[in-house]
């Protein structure tokens, strides 16, 4: 009968290096993850509910989006999403706001505001007013 190996056996230099390297890598990953979670929290991503779910709860027919729903526009949305929700031509917001960013319409409002160094609240209100004006001139069917 063979005795179990000694649990207090010396660890080789390579094994100890591997353990230290893995530990450092894990710590760096955790710091990166926590930083991204904090950034997302500061931008308000976790505080918002999906506008689609609110529309569906309020009105069983999702195709019945109205000018009241403009209030649901928020920083996490992309220009493409806003165009889709309110049936706005892709170039309308780009032309109206004179957007030069090559990522349009796939850039979120928060990223655009940060890149352009704009006031977030003022910019969101501006987008809402532009969408309201568009919907007044082109009622949803």
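Overview of values
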{"quantity": "Mean Cβ neighbour count within 10 Å, used as a protection proxy, ranking 11-20, 97-106 highest first", "calculated": "97-106, 11-20"}
{"quantity": "Overall form of the range 74-141 per C-alpha gyration tensor (a/c, 1.5; a/b vs b/c)", "calculated": "prolate"}
{"quantity": "Label-point gap, in nm, between residue 33 and residue 16 - each point 7 angstrom along Cα→Cβ", "calculated": "2.8 nm"}
{"quantity": "Cβ-Cβ FRET estimate between residue 26 and residue 101, R0 fixed at 41 Å, reported to 0.05", "calculated": "0.65"}
{"quantity": "Inter-probe distance in nm under a simple model that places probes 7 Å from Cα toward Cβ, at residue 66 and residue 94", "calculated": "3.2 nm"}
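FYI, it's all coordinate maths here, none of it is from the lab. Note that the structure is a prediction, hence the values are computed from the model and not measured. Please note: Cβ atoms are built from the backbone with ideal geometry, for glycine as well, and neighbour counts cover all protein chains shown.
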